[in-house]
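The values are calculated or read from the model by the stated rules, or taken from the named source; none is laboratory data. Every value quoted in this text rests on a predicted model; they were computed, and no experiment measured them. For neighbour counting, all protein chains shown are included, and Cβ atoms are generated from backbone atoms with ideal geometry for every residue, glycine included.
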Amino acid sequence: MAPENELYGTYGVADADPAQIELVLNEDHTFIYQDYSNSAKKIEVSGNWDLNKGHVILKDAEADVKFHTKWKISGDNKVAKSRMGMTFYRLVRK
């Protein structure tokens, strides 16, 4: 895993993708996450994040629906991956 200071930034799907999934990791350990893949249950949350055993854990966020809270950032810091049940997300650094 790369040094923590190299994790900061924005990860997301292609700009043309209507799901508009995006994860922003800030240096002050805050995050912003959005997921519009289900237009009836759009997710827009923010909170704090921590590193735990090589995974970025999103916490302190209040959302009405479950969302991807555990992310693995690839060794080259270009990809964030998450799995929740049978749903897999792969976000690319912008």
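Among residues of segment 27-37 being more than 16 Å from residue 66 (Cα to Cα) and of a type in the set (Asp, Glu), the one that is surrounded by the fewest Cβ atoms within 10 Å (Cβ to Cβ) is 28.
Suppose the filter is at pLDDT below 95, surrounded by 15 or more Cβ atoms within 10 Å (Cβ to Cβ) and aliphatic (A, V, I, L, M); does residue 40 pass it? In short, no. One residue alone among 24, 56 is under 15 Å from residue 5 (Cα atoms), surrounded by 12 or more Cβ atoms within 10 Å (Cβ to Cβ) and touching a Ser or Thr at 6+ places or on another chain (Cβ under 8 Å), and that residue is 24. Considering segment 56-67, and only residues there that are touching a strand residue (DSSP E or B) at 6+ places or on another chain (Cβ under 8 Å) and part of a loop (DSSP other than H, G, I, E, B), the residue that is modelled with the highest pLDDT turns out to be 67.
Considering only segment 1-14, state which residues are in a loop (DSSP other than H, G, I, E, B) and either buried (at least 16 other Cβ atoms within 10 Å of the Cβ) or of a type in the set (A, V, I, L, M, F, W, C) (or both).
Applying the first criterion (in a loop (DSSP other than H, G, I, E, B)) to segment 1-14 yields 1-3, 7-8, 13-14.
The answer is 1, 2, 7, 13, 14.
Whenever a residue of segment 66-93 is under 14 Å from residue 14 (Cα atoms), its partners that are among the small types (Gly, Ala, Ser), lying with C-beta atoms within less than 6 angstrom and at least six residues away or across chains, give the pairs 89/82; 91/12; 91/80; 93/9.
Does residue 46 qualify as being of a type in the set (Gly, Ala, Ser), closer than 19 Å to residue 84 by Cα and modelled with pLDDT of 95 or more? Give the steps one after another, and end with the answer.
Numbers: of a type in the set (Gly, Ala, Ser): yes; closer than 19 Å to residue 84 by Cα: yes; modelled with pLDDT of 95 or more: yes.
Taking the combined requirement at face value, the residue satisfies it.
Condition first: part of a strand (DSSP E or B) and more than 19 Å from residue 39 (Cα to Cα). Now tell me which residues in segment 68-90 satisfy that. Correct list: 70, 71, 72, 73, 79, 80, 81, 82, 83, 90.
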